[in-house]
Each structure stands twice: as structure tokens, then as C-alpha cells.
Amino acid sequence: MSQEPAMADHGGTSEAAVAGPAGGCVAVHDLVLLDKADVPTVAKTLEQRFVDGAVYTCISSVVLAVNPFRRPDGLYGPSVMEGYFGKAARSQPPHIYALANDAYHAMLETNVSQTIIISGESGAGKTESSRICMHFIAAVSGNRAADVDSVKDSLLGSNPILEAFGNAQTLRNDNSSRFGKFMEIQFDARGSPLGGCVSVYLLEKSRVVRPAPGERSFHAFYFMLAGAPPELRAELDLNHPPEFFPSLARSGTYTVPSIDDAAGYAELVAAMTTLGFPADSQTALFRLLAAVLHLSRVSFVAAAGSKGDVASVADGAVLADVARLLGVSADGLGKALTSHTIETRGEAINIPLSPERADDTRDSLGAALYDAMFSHIVTLINASISSPAPAAASIGVLDIYGFEILHSNTFEQFCINYTNEKLQKLFIDLTLSAEQAEYAAEGIAWVPVDYFDNGVICELIEGRGGVFDVLDEETVLPKTSDTSFVAKLEVTKPGSSPYFALAATHRALKLPRLSFRVEHYAGFVEYTAVSFLEKNKTKTYPDFASLLAASSEALHVCLAPALGAGSTSASSRRGVRKRAATTVSVFKRQLASLIQTLTASHAHYIRCIKPNDERSPTIFDFERVEHQIQYLGLLENVRVARAGFCFREPVDSFVARYKMLAQDSCWPHPTGLSLPQAVHAILAARGIDKSQYQMGKTKVFVKDPASVFALEDARTAALPRLVTLIQAWWRGVATRAALAAAAAATTIATAWRAFVARRFFVEHRAAVRIARAWRSFGLRAWCARALAASTIARAWRCSKAREARRHQLAARDIQRTARGFLARTAVARTTAASRIGAICRGRYVRAHIDDITAEARAAKERARQDAAAAAIQAQVRGLLARRAYARARAATKIQAAWRGHVQQQAYIKRRAGERVASFVLRVALERRFARAKAVTHIAAAWRGRVARLAFKRLMAARKLQKWIRALWAVQLLSGIEQALASLTPKVWPDAVVDGAQEDARATLYHMYLAWRARVYRDACTETKRIAMWRRVRASEMFKASKAKVYAASVQLAFAGDALGLGTAGSKSARELAKAMAKVGDESSIIFSAPIAKVNRSFKHDENAVALSRRHLFRLKGKSFKVKSVTPIEAISSLSCSPFGDCYMVLTFDGVEHHDMVFACERLVEFAVRLLDQLQAVTEAGRSGATSHVAAASRMAAATSHTHARVEFGDRLVFQEPKGEYVLLFDASSEARPDGHGGGYKIAKIKGAKNTGKVVVPPS
């Protein structure tokens, strides 16, 4: 059977038609769009998408992930991620990326924490889905700052560590999570990651020492053995294969083809380094891991001299190795393994253990050590990825162990399945119960959808008197066993539940004695109760904890409290013993806290489906998938989504978001309308019928997703126009305000400049007058002063000259008088002295004659002395006279110099007066020149200001012109953006500025066409290419009449065998197959369609045609009985009506084949396929002329009894020898089913009766 792709314009995806169990369905991407919602149809849809490589499907917002057991090409990676960044979920094909993108943007928009819950059975791909979610959230969130990238690396680096220490290979999954993990990523208000927190639940620690056959223990052991450096392996004594260690050898499986253990070790060390684990801490973790391995090598024998009830270590060397790795003494370790200390009334009693109990203690101690180490690793990871800053919101990813049904189901499987039961209950509450409860609360007309509520099973397990209560009670009571536990279940609440079965009460089930069966939501699970009580006890090792507290290894000291915590201790005051919490009670508290966290956030669901148990990428186990569809409640989810409303929003929020879609009544605020009326107005404006939505009490509910898409598309298209309108209004307001301010400033400046000019003119005129008067007054005063000064100077000079003359004459008189007086005084003194001397000498001679001689001699001597004195005196008088003369002469010179000085000063003063006069005149001239220069400068400044203002106006005009050009460019780009909202824009914006923008517009348009062509080529599959090739062939064939023929039929997708005649099983198909066998045709039916054949009475018979590769079959209308068989090579031509009435004529060679005139809805497809087969027949060397398609208004046809002429036009004419039958085209007739109206109506007939019937070609 041939299948042709049908384009489904929903969500931007295309799907292929597939045959379903109910007669056919479409492999849609959203199961809500299925025509028939049942389990086989859903499973068939998933199978077809699985075969096509589309592993993701959705039910509204729930993502279904079918495990492909391979890495599909082109489904993941940075380029695929970018296609989902910021996109609406329904605008892209279903993917985990779409769900994670929705969660991230919902957190940003609502500031509400989000949770991604990944569920499914073991091996369905939950761990890989959580890893994909984490990588997408890390890629889409925040910016590219170094600190943000560091946080992302730390968050992603935690996955390899947790998977290495918490995941293991099982029979169903090579990387099965053996613990529950809830990774919470914390974000700030901008959407950048701040840090995170990891919570873990119920590690399957029994796998450390006893992995199941065919499975492995945790990955970390094998990673260390295969990839550790040689020096580390030598130090830890790990140069042995895995089977050397009993804890790993018990399963018999050591390698997994899909896991590279050496590469896993390298990735583990790199992740530890990324999270900041110091090198010594990493070594300490591997040392403890090696100690757990070597601990399993310690064996015990009965001690010598005992009766077999006292154990001793068989090999002291192995014990010494373990003690070395743990950093404790070998004797202390041996004592802790072979004995147990209890306290009774304050007294410590050491009880030896038997070899069997010592083996159990060794194994449980190894498991407890690994569990404590795993908890310590989680603590280190949280310390590394936690953020000190408060988080605005968070996104949590829950990766929990899947539902398990094994050959032997024990305590661990019971807890795992109980966890999945609780998550299924949460899914029902959030997706089914909550939705229907909301419809009831809002008063929405609703047909309730029945579904199985597994709350009764959760209550059976965790409720009062349930399985957990009985298990805890039996655990704490003395002298109890697994047998008493099963017996108590029979007489308590579980024993009376229809979902619970015991061997004693349901003998027909043939259950083993110590077992019970629970009817979970995923099916019946049989559990063995062996070791339930033992595993429920929280074992403590006080002796070993005390020993480990004194270890030389810091890590081991940190783990010591975890091994001794919860031990029984006596109260010093009341003597009451505090019992350790049981495993079940701790697990219930953790799970309740998790459910509370999930309920407080907005949940997103990924439901993982396992297609087969062989882990094959090519097998799809239909029954296996149907079972998962049933117990996961997917069918009920589909029904609720189909019957319910895909969109709900509070009325006020709806009006606030979409009010711009009804601008006449609701924009910017509803005018005279209540909120419900505004909702009706908005939806009516978009043409959404009232049957597509309902009004609740507080919310509006929209049924069809297409209506929501139409609202969002209309809002997206309206927002740019509103933004442009608001921007234009604001720019107008701002421009008007600026213009008003500029005008006011111009008016003020003009008034101010006029005022300043007037005041300057008045002040300047007054100043000029004052300056002129002042200069006149000054000049007159200066002249008067100069004249007075000249007169005074002349009088003063004359006075000084006369005074100097008088002084000169007086000096001469005084000098002359002084010289005469001095000369007379000197002569008088000389004469007097001579006389007095003579008298004295005579008297003296006479009186003293004797003495006279002596005196004479003395006189002579005195004469001589007197002569000498006279000579001296003469010399002195000469000297004095000369000095006096010199003084007189000097005085004369001084007087002459003074007189010269006085005359010189007089001359200088006279010259100074002349210079002052010239200076005053020069100052006056300079002031007049300065005033003239100032006026020139003022005029130049005014002209400069005018020129600057003109230049500013010019620059402002240029800036305005540039801004307007930029605005036009923005409008052009905005128009292009609006045009690009559709992949096929009908209008491309025109450039509005100049040739440069026209060139830019043309370049952008060519770039857009090239991009669109590339996108279309990349998205075009092989089937699409074939379909496109056929459509191109059709376009080339019909281009002469494309507007009327091709346009009427091209909208119909090429359906091939639309009637399903090639499908085996139906009666018509069998009859057709017989007819084909009869003519020796072994090919398949490639085309079938109903036709309206024109019979001899010019009426329409309901027929059908079927085309194989060799023959054309004409069939009866409803029964599809074969009426005629025509070889393809007998067809000579095919002609079509030039109008949109779908009529065509087939002309055959030979008289045994009559020509056919008929109307076919799929005219284009029939013509293309028929001509293809004709071409193939011709190329194969068969006879027959090359056929062609002709759109002609007149042609010939050979009927069964004569030859007719067929003419198309305003009338359809069938002409034959008996008469001419005219069918007038009636455009007013409304009989056409395509809604266009019009048909051929039998009018006047030559040679026949007028029946008046309307003949309507198919639409």
C-alpha cells in the first residue's frame, strides 16, 4: 500500500499517516489530537513515532519519552537546544528541551519554584532524561560570566559522581539508579544559577555485598579497578580482576559492553576536581572503597577449643590489609568483627559471634560503610554547589528508581514500588483529580472521566494499621520473625484488602508460605517476606564506630558517628531506652518531605516508556507498551485533556493580557463592560465561537489549543503596533513639549536680548554723552591746569633765578668780606706780636743781662725757631688760603651746577606739561578708537551668534533628518519583523527613505528567501521530497490552467490509496485482488478515489477508480465491485475542464474501451500518478502513445452507443446524433458541498425532455 505524507499544520510539525488497529490513525505528536483514544491506538502511534526516530510524544503538557536504547542523530546537542530557547512548547516538536524551557521560563515569569518529575519503570531512560534536563537548564539559564559558568560546571559535575557511586548495571538497565535523587537548582531573580542542593533517598546498600546474578555492584568499584593509576592500585592492593573479590564475584558479571570503566574513572576524577574535592579527599574515598572490597575477603572459621559457636579470622594477612586501609589496628578490627558488645544496667558485656553471624556482620558492616561514604559524598557535593545568597526560585529534577517486578522481590523492591505508588498518586492528584475538582469549583459544564485512584493502595501500605505499621511493630517487639510478620498481616488491615493477598487466604494463587502479593497500579507484584524485619532494623556498630573514631584517616573519623548513631542508650535519669528509628519510618518521613516539596512547586511530568526488555533499538514490544500505557494512566490523561480545557486563566489576568485584541471596547481599559463581558468581547473579536470556551466563576476556560495559539499570535502581532503607537504618542508629546519649551526659550531669549539691547543702547547713549561732557570738561580743566602750571612754572623759575642770583652775589660779598677780615686780623696779630715781643725782649734783656746772653743765644735759637715757625706758618697760611680758595671755587661750581639743575628742572617741567597735553590728547583719541573697536566687536559677536544659531539649526535639521531616516529604518525592520511572524509573509515592507534603504530591503528580502529555502530543505524528508516532486510535476502539467484547476485541488494532500483498497482483510480488497490476479497484475494499488461518472443519460453515477502499476479499475460506488478493467497502455489522452469543476475525460485506444467523462475530487493527484505510470510503461518498451494533460473547453468522447462531443463553458454540452443536451451553469445554486455554490442545471434539451434536475460536481 502506498502512503503519502499529509501536512498537519499544528504546532509547526508534520506527521505521516499510519494504519492503526482501528482502521487508521495519524502519528500525531500530541495524543490529544488522536481521532480515537484507546490503548491500541496510543500504542500504535508511539510505535510509528519510535520507528520514525521520534522518541518524544506529548499529552498536552506531559512529555512521553520512549527509550530508543541509542543516541538518535540530530536529536540532541547545542544546535538543537538553540531551537528551543525561549520558544513556546507547542511551537516546536515534543522534546525534553521544550519541557525544561517551559519550566525555566515559568519560573522567571511567576517566581514560583518548578519541579520536573521523571517517572517510569526501571530501564525506561529516567536517568538519561534527567541528565538531558540538567544540561538544557544549564545552557539556557543566566549569562556567560565566569562565576555563572563555574556554578553550571559544578551542578553538571555532580551527576557523574552520583551515578558512579549510586548507579549499577541490572538485568533491565546498564545504568540503573539504585537510589532516589532530587536535584534542586537555585536561581536568582535574573535567572542565573546560584547553586543547588541534592537530596538522596534509600540507597540499595545490599548491592554492595550481594549483587543479583547477572548484575553488577555499583559502578565505582569497577571504575577504580579498571582506571586507577598503577601506583594507586599498588598502594590499595587492587592489581586483581573483579572476580578476585567475593562481593563482586557473587554475580558472575564483571563488564558491560555499553560502559567503559576506565573512561568512567577518568570522568569521575574530573568531576570531583571540578567540584573542588581535594586530592587527598579523593584518595581517602578510593581507600575506603578498596577497604570495602577487601573486607569481603575476610573469612571466619570456628575458634580452636570452641564448639563452633565462636568465630575467629581465617587469614590474618587479609585482616591486616583491611585494617591498614581503614587506619585502625588489626586486633581491634578482628574483635569488632567476631564479637558484639552490649550494655546492660551500666555493665558492658562482650558476646562472641559464630562464624555465620560474623559473616553477616562483615557484609552488613561493608554495606553500612558504603552507605555512610555515599552520604558523606552527598554532603561534600552540597557543600560545593550550595550558595550563600538567598535564591529567588528553584527548579527541581526528580530522578527516582523505577517500578520493579523481579523474579524475587524483597524489601528493597517493596520500598521502591511504594515510592512509585506515591508518585503515581501525586500525578493523579495534580493532573486528573485537581483538574476535575477545579472544573466543579468553577461551575464548568463537565463530563467526569473515570480513572483508577491508587490512594487505596498507598493507604494500604502507609496508612494506620497498614503494612509499614505492622512491619515497624514486629521490628521493635522481641522474639518476632518474618513468619510472625506474615501472620500478623493476615489478621490486620492488609489481610482484608482486595488489593492484598497472602498464601494462607488465597490458596488458589499458590503463593509461597512467606510471601504476599500486592496489586500495584503497575500490576501484581509478589514479595518474599524473608529478611523484611532484618532489613527494617537500623543496625549500629558501636564497637566498630569506636574503633573507627580513633582511625588515622580523617575521612574515617568523620564516618564513625554515622555507624554508631541510633544505638540503644540508657537514660541517666529515667532509665528509659531510646530505640533507633526503623528504615521504613525514616523512609516515610523522607518521602513525605519530598511529596510536600513537589506539591508546593509547579510540577512538569516526563513519563518514560520502555519499548522492550531486550534493550534493542529496533524492537517495539506492543503488548509491553500497552501494559505501561494502562498502568501509567496515560489513556485517562488523554481523555481528561481531550474532554477538558487546555487553557485557563483568571478573568482579570485574561483581560489584562489580551485586551489589545478588542481595541474598540477594551483598549486601553474596558469601557462600560464588566470583566466577563470584556472576555466575551475579546474572544468574539478573534472569531472564537462560544462553544470553544466557558466562563467560570473566577476563570475563563478555553478548550482548543488552536484558539490559544490564535490569541497568542494575535497578541504577538498587536504588541509591535501598540508599542509603535505608544512610542509615537510619547514622541509626539515629548516633541511638542520640546517645541513649546524651545519656543518659550526663544521668546524669552528674544525679549531678553531686546531688553539688554535697549538697556545697552540707553546706557551707552548716556555713557557717550557723559563721556563727551567728561572729555570736554577734562580737556578744559587740563588746559586750564596746563596754562596755570606753565605760568606758575615760569614765575617759579624766575623767582628761583632771582633768588639764585641774590644768593650768588651775597656769597661773593660774604666771601670777600671774610677774606679781608681774615687778612687784617692776621696782620694785626702779627704786628702786635712783634711789638709785644720787642718790648718784652728789651725789658727782659735789661733785667736779665746775664741771662741775656744766654737768652740771646736762646733768642737766636728762638729766632731761628721763629723763622722756622714763620716759614711753617707761611706754609700753613698758604695752605689755608689755598683751601679757602678751593672751597670758594667749589661753592661757585656748586652754585653753577645748582643753577643749571634748576634750569634743567624748569625745562623738564615745561616739557612735561607739553607731554601731558599730548598724552591727554592721545588718551582721548585712543578711547574714541576703543569705543569704535568695541562697537565693531559687538557687531562681530552679534553676527557670530547669528551665524552659530544658523549653524545649530542646520545641524539640528541634519540630526532630525538622520533621526527620521533611523526611524524609517526601524519602521522598515519592524515591518519585516511582523512579516517574519509568518513563514510565508504576504506583504514585504517597502523602503520609505532613499535608495540605500531600498537596497537594504532587497538584500534582507533575498537573505530571508535564502534562509527560508534552507530551512525548508533541511526539514524536508525523503517522503516530503517525493511529495514535493509530484506537486512540482502537477504544477508543470497544469500551469496552463493552474488558476482554475490546480488551485482547486492542490490543497488536498496526496493520499494515495485513500479508500484503503490495497489493505488486506476487507471484502472489497479481496474482490479487487481477484480481479488483479485475473488479468495477471501482481502490482499493488497506488491510487484510489471516489468519482462521479457521467452516464449515457447524462447523469452522475457514484463510482470509484483504482490505479495499479499496470491497470485502471473502475468500481461500483459503495460496494466497490469491479465494473471495468483497462490496461494503462490503452489510455491515449487525459483531458481536464479548464474550470474548477474537477471534470476530466479519459480517451482510450480501441473500440473495446469506451471513453470516460467523470468528475474527481483528487484530479491533480490522479493525473500525476496516471501519467507517471504511462511514462513508466512507455519507457519499458510497451505500446501506447505519450499521454498528455489538456485543459480544453471542447473534446470528443466515445460512449457505449455513439460518439459524443463534450464542450465546457457557461454550459456543459453533450452532443450526439439524437440531439444536444445542454447543462447550463447555475452560479446561484447552493447545492455544491464545498460551500462555493453553483452547479450544472439541465435546461432546454433538443430531442429530449427537460427534467430540470441539478447536477453537482464533487467539490
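The values are calculated or read from the model by the stated rules, or taken from the named source; none is laboratory data. None of these values were measured; they are calculated from a predicted model. Using ideal geometry, Cβ is built from the backbone for each residue, glycine included, and neighbour counts are taken over all protein chains shown.
Some points to look at:
- Val198 vs. criteria surrounded by fewer than 22 Cβ atoms within 10 Å (Cβ to Cβ), modelled with pLDDT of 90 or more, of a type outside the set (Phe, Trp, Tyr) and outside any loop (DSSP other than H, G, I, E, B): yes
- Check on Ser616, surrounded by fewer than 18 Cβ atoms within 10 Å (Cβ to Cβ), of a type in the set (Ser, Thr, Tyr) and modelled with pLDDT of 85 or more: yes
- Odd one out for Phe165 among (1) over 19 Å from Ile116 (Cα atoms); (2) surrounded by fewer than 23 Cβ atoms within 10 Å (Cβ to Cβ); (3) at pLDDT 90 or above; (4) out of contact with any Lys or Arg (no Cβ under 9 Å at 6 or more places or on another chain): (2)
To keep it simple, each residue is scored yes or no on (1) touching a residue at least 12 places away in the same chain (Cβ under 8 Å); (2) of a type in the set (S, T, N, Q).
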{"residue": "Lys44", "(1), (2)": "yes, no"}
{"residue": "Gly53", "(1), (2)": "yes, no"}
{"residue": "Ala65", "(1), (2)": "yes, no"}
{"residue": "Ser79", "(1), (2)": "no, yes"}
{"residue": "Asn101", "(1), (2)": "yes, yes"}
{"residue": "Ile118", "(1), (2)": "yes, no"}
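- Odd one out for Val993 among (1) within 30 Å of Gln727 (Cα to Cα); (2) modelled with pLDDT of 70 or more; (3) surrounded by 13 or more Cβ atoms within 10 Å (Cβ to Cβ): (2)
- Filter pass, Ser496 being under 20 Å from Ser206 (Cβ atoms) and free of Cβ contacts under 8 Å to residues at least 60 places away in the same chain: no
- The stretch 621-653, residues that are closer than 19 Å to Phe50 by Cβ and free of Cβ contacts under 8 Å to residues at least 12 places away in the same chain: Asp621, Glu623
- Cβ-Cβ under 9 Å pairs, at least 6 apart or on other chains, the stretch 1012-1039 side closer than 19 Å to Leu1170 by Cα, far side of a type in the set (Lys, Arg) and in a helix (DSSP H, G or I): Arg1030/Arg1169; Ser1035/Lys1042
- Just one of the listed residues (Ser354, Ser312, Ser329, Ser296) is closer than 21 Å to Met373 by Cα, surrounded by 16 or more Cβ atoms within 10 Å (Cβ to Cβ) and touching a residue at least 24 places away in the same chain (Cβ under 8 Å), and it is Ser296.
- Per-region count, the stretch 238-271, residues assigned to a helix (DSSP H, G or I) and either touching a Ser or Thr at 6+ places or on another chain (Cβ under 7 Å) or under 30 Å from Lys152 (Cα atoms) (or both): 14
- With respect to (1) at pLDDT 80 or above; (2) under 31 Å from the mean Cα position of the chain (by Cα); (3) not acidic (Asp, Glu), the lone exception for Gly687 is condition (2).
- Only one entry in Gly120, Gly77, Gly53 is over 20 Å from Ala393 (Cβ atoms) and out of contact with any Gly (no Cβ under 9 Å at 6 or more places or on another chain), namely Gly77.
- Criterion: under 27 Å from Pro352 (Cα atoms), modelled with pLDDT of 90 or more and among the hydroxyl-bearing types (Ser, Thr, Tyr) - qualifying residue of Ser306, Ser312, Ser299: Ser299
- Only residues that are within 24 Å of Asp1141 (Cα to Cα) and assigned to a strand (DSSP E or B) were counted in the stretch 1071-1115, giving 20.
- Flag if Phe760 is aromatic (Phe, Trp, Tyr) and modelled with pLDDT under 80: no
- Highlighted here are the helices (runs of 4 or more DSSP H) found entirely within the stretch 27-118 that include at least 2 residues which are surrounded by fewer than 23 Cβ atoms within 10 Å (Cβ to Cβ), modelled with pLDDT under 90 and within 14 Å of the chain's Cα centre (by Cα): 78-82, 96-110.
- The condition (being at pLDDT 85 or above and within 60 Å of the chain's Cα centre (by Cα)) is satisfied by just one residue among Ser1083, Ser1137, Ser1108, Ser1119: Ser1108.
- Tally, over the stretch 596-612, of residues that are part of a loop (DSSP other than H, G, I, E, B) and under 17 Å from Gln630 (Cα atoms): 3
- Every residue from the stretch 460-493 that is touching a residue at least 12 places away in the same chain (Cβ under 8 Å) and of a type in the set (S, T, N, Q): Thr475, Thr480, Ser481, Thr483, Thr492
- Check on Arg131, of a type in the set (Lys, Arg) and crowded, with 22+ Cβ neighbours inside 10 Å: no
- Verdict on Leu973 being at pLDDT 80 or above, under 27 Å from Glu712 (Cβ atoms) and surrounded by 11 or more Cβ atoms within 10 Å (Cβ to Cβ): no
- Options Ala389, Ala383, Ala367: the member that is farther than 21 Å from Leu598 by Cβ and touching a Lys or Arg at 6+ places or on another chain (Cβ under 6 Å): Ala367
- Of the strands (runs of 3 or more DSSP E) lying entirely inside the stretch 280-374, those containing at least 2 residues that are more than 27 Å from Ala249 (Cα to Cα) and more than 59 Å from the chain's Cα centre (by Cα) are 339-344, 347-352.
- Output for the stretch 51-71, where each listed residue is in contact with a Pro (Cβ under 9 Å, 6 or more places away or on another chain), over 24 Å from Phe647 (Cα atoms) and not polar (S, T, N, Q): Gly53, Ala54, Val55, Val66, Pro68, Phe69, Arg70
- Matching residues, the stretch 407-429, being part of a loop (DSSP other than H, G, I, E, B) and either in contact (Cβ under 8 Å) with a residue 12 or more places away in the chain or surrounded by 20 or more Cβ atoms within 10 Å (Cβ to Cβ) (or both): Ser408, Thr410
- Within the stretch 691-738, being charged (D, E, K, R) and over 26 Å from Gly443 (Cβ atoms) holds for Glu712, Asp713, Arg715, Arg721, Arg731, Arg736.
- Filtering the stretch 207-218 for residues that are crowded, with 21+ Cβ neighbours inside 10 Å and in a strand (DSSP E or B) leaves a non-empty set.
- Among (1) touching a Cys at 6+ places or on another chain (Cβ under 7 Å); (2) assigned to a helix (DSSP H, G or I); (3) of a type in the set (A, V, I, L, M, F, W, C) - the single one Cys458 does not satisfy: (1)
One line per residue, one yes/no per condition, for (1) polar (S, T, N, Q); (2) out of contact with any strand residue (DSSP E or B) (no Cβ under 9 Å at 6 or more places or on another chain); (3) surrounded by 17 or more Cβ atoms within 10 Å (Cβ to Cβ):
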| residue | (1), (2), (3) |
| --- | --- |
| Leu471 | no, yes, yes |
| Thr475 | yes, yes, yes |
| Leu489 | no, no, yes |
| Ala504 | no, yes, no |
